[in-house]
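To start, the structure itself, in structure tokens.
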Amino acid sequence: MEIDGTQQQSAAPLLVEEATQEFVAICAESEPYDDEQPSYVPAEIVKPWCSNDASALYHCYLIQMKPNFCYDIPVNDIVLGMRSELDCDIANMTFDLEVGRGSISVNFKKAAEIHLSSEHVLQCRRFQITIFRILLDHELPNLGKVLERLCLGQNLGIESIDYLLLPAARMHQRPSIIDWECVTSVSFRCEENSEYHVDCSPPKNCSGVLHTKNGMVCTCRIQNSLVYTPHTGLLYCITGLLDDLNGNSLLRPRGRRARSYKTHYEEKHGIELRFDQQLLLKGKHIFKVQNYLKSCRLHAERDSCHTSVELPPELCSIVMSPLSVSNLYSFSFVPSIMHRLESLLLAVNLKRMVLDRCTENVTIPTIKVLEAITTKHCKENLHLESLEALGDSFLKYAASQQLFKTYQNDDEGDLTVKREKIISNDALCKFGCNRKLPGFIRNECFDPKSWIIPGDYSGGSFLNEELPFNERNIYIRGRRKVKSKRVADVVEALIGAFLSTGGEIAAIYFMNWVGIKVDLVHIPYERHFHVQPEKLIDVRHLESLLNNYSFRHPHLLLEALTHRSYMLPQIPGCYERLEFLGDAVLDYVITVYLYNKYPGMSPGVLTDMRSASVNNNCYALSAVKRRLHEHILAPDNVHSNIANTVNNFERLSMESTFGWESETSFSEVLADIIESLAGAIFVDSEYDKNAVFQSIRPLLEPLVSPETMPLNPVKEFHDYCQKMQYIMKKPVKSIQNGVATRTIEVEANGVVKYTYTSTASNNDTAKRLACKEFLRLSKGN
């Protein structure tokens with residue numbers, strides 16, 4: 001995204017009155033906001049299935065996983081079968097899963113289109129329901145009831161989550177991309193596997209068949225299987241036979257006497273091993289399914305699957321065979337992968353909803369839409385904060401310039417009121433709700449236990465159809481709480497997403513779609529001055545301070561330096577209107593600069609850098625450093641207040657302009673002048689934002705960087721208390737005789753750990769001083 005002077009072309013500017021009237025109408029007609037909002041499910045994964053259908057077409061994709069760490073269990077590919085073809089930027093997506101040992105790179109690859117009979121579909125569903133129920137529940141008793149519901153739901157043609165997740169065939173098993181032998185493992189029958197297979201190679205000291213709970217089974221069928229031990233109620237992956245251990249071998253538990261396995265089972269479980277000469281099985285505990293989309297998994301978690309157990313075959317009931325431990329391991333990552341895919345499909349639906357009737361050439365990557373609808377509560381490696389900061393700055397800029405040019409006789413106060421009706425959180429929430437945005441918002445950390453297994457008709461998986469959007473369907477899966485502020489944040493983040501990838505035209509298109517009627521057409525600014533600016537201000541010197549910007553209309557420079565209490569008959573206006581406009585323009589151009597300058601920064605850093613760069617203290621310091629206060633047209637009492645600020649400033653370091661370091665307050669006039677000069681250049685240059693940035697930037701140097709960014713002490717105070725699990729009591733504040741007092745109190749384990757009271761000329765400075773002192777004492781201890 002570039003800052004330039006190119007403006008959107010339009011036959012005539014849109015009146016902001018329309019936006020204001022529309023907002024008022026929405027408020028009047030709409031009920032109060034209800035934070036119980038629907039959770040949408042993309043239509044692409046919801047299909048009715050009836051067993052009477054002869055066959056169904058599935059678009060198959062390979063889910064390829066590449067671990068970036070060493071582990072003794074390999075990861076296998078998974079086949080995803082979809083009834084609908086995936087959008088191209090989803091079909092080729094790549095992302096990482098964060099596991100305790102490192103990361104796993106995941107990418108999707110289009111593989112084939114296949115027709116499956118109703119019998120094959122039922123078989124596939126039985127497989128995936130079985131393997132996911134086992135991985136998620138770690139128990140067997142309820143599985144039969146779930147599979148019964150599968151047959152019932154399929155016969156009734158009930159709408160459900162419908163896609164297939166199947167083991168991929170290895171190269172030597174091709175041409176089929178699906179490992180059908182593994183799929184049929186759920187239908188394991190002892191009588192079909194009780195004979196010794198010619199190609200089976202059992203270990204020495206072992207016969208070709210073993211006695212199990214199921215009966216006699218060939219060793220090759222139990223070596224890669226999933227078994228259930230009724231005496232413990234646990235499930236295990238069998239990875240092989242222990243060729244040196246049988247029931248009579250000694251078990252040496254740590255800190256206990258040695259005894260044989262046979263004696264152990266008699267004493268602990270009351271079970272007599274009848275086939276104590278059989279080799280024991282090597283088993284692993286079932287893998288734990290976790291949320292592998294969570295960012296910052298800093299340490300390797302204890303993995304019970306690393307430890308092996310020895311199991312007598314006769315105590316094992318085979319649930320699935322053949323099923324390798326690597327397949328079971330691979331499927332443990334699938335719920336997280338599919339949650340990301342479902343989220344991307346939601347983003348695709350939202351993108352299509354917005355662009356269905358777009359006549360402009362607007363394109364936006366699906367991943368950007370997903371970023372814009374994902375809040376920090378999801379705890380993933382992408383969320384909306386950076387896009388929200390970008391969108392917030394553009395929204396404020398677009399609304400401000402629209403109001404400035406449309407209402408040329410309104411003062412700054414009236415313009416601010418009108419802007420608030422457009423960009424406030426309440427207004428944005430109303431606009432978002434009017435376009436059904438809350439249902440798309442991802443506001444909760446993914447819980448694998450709540451993931452709906454495709455084809456599983458058990459409780460909670462039934463879906464209701466929502467009203468169509470532009471002739472498209474969406475489905476609802478329950479309701480959840482979404483605060484109105486979250487809806488407003490998402491509206492701003494979506495503006496940022498369209499802006500960052502499609503430019504200002506795309507952002508304006510989205511804003512108009514959501515109900516915020518603005519354009520970027522330049523309209524001449526009408527002002528009639530009856531005095532030569534050069535008689536009241538040093539135009540040439542001021543232009544030199546502004547990076548040699550040459551004003552076409554110097555009267556704008558005069559207006560930008562005129563305080564409201566100094567207005568003369570020949571000066572028709574003070575700086576406040578230009579300040580209103582320049583505040584928004586500066587915020588926007590600095591935010592865009594930081595966003596483009598540091599593209600790899602983590603979400604949230606942009607917000608902190610923007611706060612450090614765009615604040616009154618920063619602007620006031622910059623004005624004093626360049627001695628702009630000497631050029632302000634204002635009465636003596638205003639200059640006296642400014643002089644106090646200048647005297648305080650001389651005690652501060654000259655190296656920084658960020659403002660957080662200061663322990664004093666500044667005259668607001670000084671900050672206003674920086675903003676009004678930005679507004680004057682913007683209007684004089686016919687809305688050239690780049691001219692504003694290049695002219696004002698030297699005043700603000702050095703600009704903030706990730707290395708030099710000072711933390712706002714108030715934010716640092718809150719972050720520190722949260723980290724240390726301190727309780728922040730409600731601050732006590734008061735103002736007497738023009739002096740603000742602020743007291744902060746922090747508790748730890750029910751004991752007051754810290755109390756501090758600070759005084760300053762205003763509340764903000766008093767709060768900042770109290771927080772700085774707390775941090776100084778805390779870090780000193």
Answer yes if at least one residue in the stretch 377-385 is open to solvent by 50 Å² or more (accessible area, probe 1.4 Å) and in contact with a helix residue (DSSP H, G or I) (Cβ under 8 Å, 6 or more places away or on another chain), and no otherwise. no
Mind counting the residues in the stretch 688-700 that are at pLDDT 95 or above and open to solvent by less than 10 Å² (accessible area, probe 1.4 Å)? 4
Any residue that is farther than 20 Å from His553 by Cβ, among the aliphatic types (A, V, I, L, M) and open to solvent by 10 Å² or more (accessible area, probe 1.4 Å) - is there at least one of those in the stretch 587-608? yes
Within 14 Å of Asn615 (Cβ to Cβ), in contact (Cβ under 8 Å) with a residue 24 or more places away in the chain, touching a Ser or Thr at 6+ places or on another chain (Cβ under 8 Å) and surrounded by fewer than 21 Cβ atoms within 10 Å (Cβ to Cβ), is that true of Leu703? yes
Filter the stretch 275-307 for residues that are modelled with pLDDT under 90 and among the aliphatic types (A, V, I, L, M); the one that is nearest to the chain's Cα centre (by Cα) is Leu298
Any idea which residue in the stretch 489-505 is farthest from the chain's Cα centre (by Cα), counting only those that are surrounded by fewer than 24 Cβ atoms within 10 Å (Cβ to Cβ) and under 19 Å from Leu370 (Cβ atoms)? Gly502
Scan the stretch 98-139 for residues that are hydroxyl-bearing (Ser, Thr, Tyr) and within 21 Å of Ile178 (Cα to Cα) and report the count. 3
Pull up the stretch 104-138, narrow it to residues that are crowded, with 17+ Cβ neighbours inside 10 Å and of a type in the set (S, T, N, Q), then point me to the one that is nearest to Leu226 (Cα to Cα). Thr130
Please work out if Leu315 is closer than 16 Å to Leu235 by Cα and either buried (at least 19 other Cβ atoms within 10 Å of the Cβ) or under 33 Å from the mean Cα position of the chain (by Cα) (or both). yes
Please enumerate the residues belonging to the stretch 74-97 that are of a type in the set (Gly, Ala, Ser) and touching a residue at least 60 places away in the same chain (Cβ under 8 Å). Gly81
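So that you can scan it fast, the table gives a plain yes or no per residue for (1) in a loop (DSSP other than H, G, I, E, B); (2) touching an Asp or Glu at 6+ places or on another chain (Cβ under 6 Å):
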| position | (1), (2) |
| --- | --- |
| Asn248 | yes, yes |
| Arg256 | yes, no |
| His264 | no, no |
| Lys268 | no, no |
| Ile271 | yes, no |
| Arg274 | yes, no |
| Gln277 | yes, no |
| Lys282 | no, no |
| Gln290 | yes, no |
Output the number of residues of the stretch 738-781 satisfying the condition of being part of a helix (DSSP H, G or I), closer than 20 Å to Asn616 by Cβ and not hydrophobic (A, V, I, L, M, F, W, C). 6
Select from the stretch 106-126 the residues that are of a type in the set (Asp, Glu) and either part of a strand (DSSP E or B) or within 21 Å of Met65 (Cα to Cα) (or both) and list them in ascending order. Glu113
Report the residue count in the stretch 146-194 for those that are at pLDDT 80 or above, acidic (Asp, Glu) and part of a helix (DSSP H, G or I). 1
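Okay, residues lined up against (1) within 30 Å of Gly247 (Cα to Cα); (2) open to solvent by 40 Å² or more (accessible area, probe 1.4 Å); (3) out of contact with any Cys (no Cβ under 9 Å at 6 or more places or on another chain); (4) of a type outside the set (Val, Ile, Thr):
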position: Lys262; (1), (2), (3), (4): yes, yes, yes, yes
position: Tyr265; (1), (2), (3), (4): yes, no, yes, yes
position: Phe287; (1), (2), (3), (4): yes, no, no, yes
position: Asn291; (1), (2), (3), (4): no, no, no, yes
position: Ser308; (1), (2), (3), (4): yes, yes, yes, yes
position: Val325; (1), (2), (3), (4): yes, no, no, no
position: Ser336; (1), (2), (3), (4): no, no, yes, yes
position: Asp356; (1), (2), (3), (4): no, yes, yes, yes
position: Thr366; (1), (2), (3), (4): no, no, yes, no
I need the full set of residues from the stretch 506-519 which are more than 23 Å from the chain's Cα centre (by Cα) and closer than 18 Å to Lys418 by Cβ, in order please. Asn512, Gly515, Ile516, Lys517, Val518, Asp519
Check on Tyr619, at pLDDT 85 or above, in contact with a Ser or Thr (Cβ under 9 Å, 6 or more places away or on another chain) and within 26 Å of Ala493 (Cα to Cα): no
Looking at Phe551, Phe469 in this structure, which one is of a type outside the set (Lys, Arg) and modelled with pLDDT of 90 or more? Phe551
Of Asp684, Asp636, which residue is at pLDDT 90 or above, of a type in the set (D, E, K, R) and either under 44 Å from the mean Cα position of the chain (by Cα) or farther than 22 Å from Ala760 by Cα (or both)? Asp684
Just a yes or no: is a residue in the stretch 706-728 part of a strand (DSSP E or B) and closer than 30 Å to Ser622 by Cβ? no
Condition met for Ala12 (in a loop (DSSP other than H, G, I, E, B), at pLDDT below 70, over 30 Å from Asn596 (Cβ atoms) and aliphatic (A, V, I, L, M)): yes
Filter the stretch 369-386 for residues that are in a helix (DSSP H, G or I), over 22 Å from Met65 (Cβ atoms) and at pLDDT 95 or above and give the result. Val369, Glu371, Ala372
Being touching a residue at least 40 places away in the same chain (Cβ under 8 Å), aromatic (Phe, Trp, Tyr) and farther than 19 Å from Ser343 by Cα narrows Tyr71, Tyr40, Tyr58 down to just Tyr58
Restricting attention to the stretch 74-89, report how many residues are within 16 Å of Val334 (Cα to Cα) and either assigned to a strand (DSSP E or B) or not charged (D, E, K, R) (or both). 8
Take Asn616 and decide whether it is open to solvent by 40 Å² or more (accessible area, probe 1.4 Å) and under 16 Å from Pro713 (Cα atoms). yes
Would you check which residues across the stretch 407-419 are of a type outside the set (A, V, I, L, M, F, W, C), open to solvent by 40 Å² or more (accessible area, probe 1.4 Å), out of contact with any Lys or Arg (no Cβ under 6 Å at 6 or more places or on another chain) and in a helix (DSSP H, G or I) and list them? Asp414, Thr416, Lys418
Any idea which residue in the stretch 33-63 is modelled with the lowest pLDDT, counting only those that are open to solvent by 50 Å² or more (accessible area, probe 1.4 Å) and among the polar types (S, T, N, Q)? Asn52
Looking at the stretch 547-573 only, could you name the residues that are charged (D, E, K, R) and open to solvent by 10 Å² or more (accessible area, probe 1.4 Å)? Arg552, Arg564
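The values are calculated or read from the model by the stated rules, or taken from the named source; none is laboratory data. Predicted model only: the values in this text are computed from it and were never measured. Reconstructed Cβ throughout: ideal geometry from the backbone, glycine too, with neighbour counts over all protein chains shown. Each accessible area value is taken on the protein alone, full model and side chains, heavy atoms only, with ligands, DNA and RNA left out. Shrake-Rupley method; radii C 1.70, N 1.55, O 1.52, S 1.80 Å.
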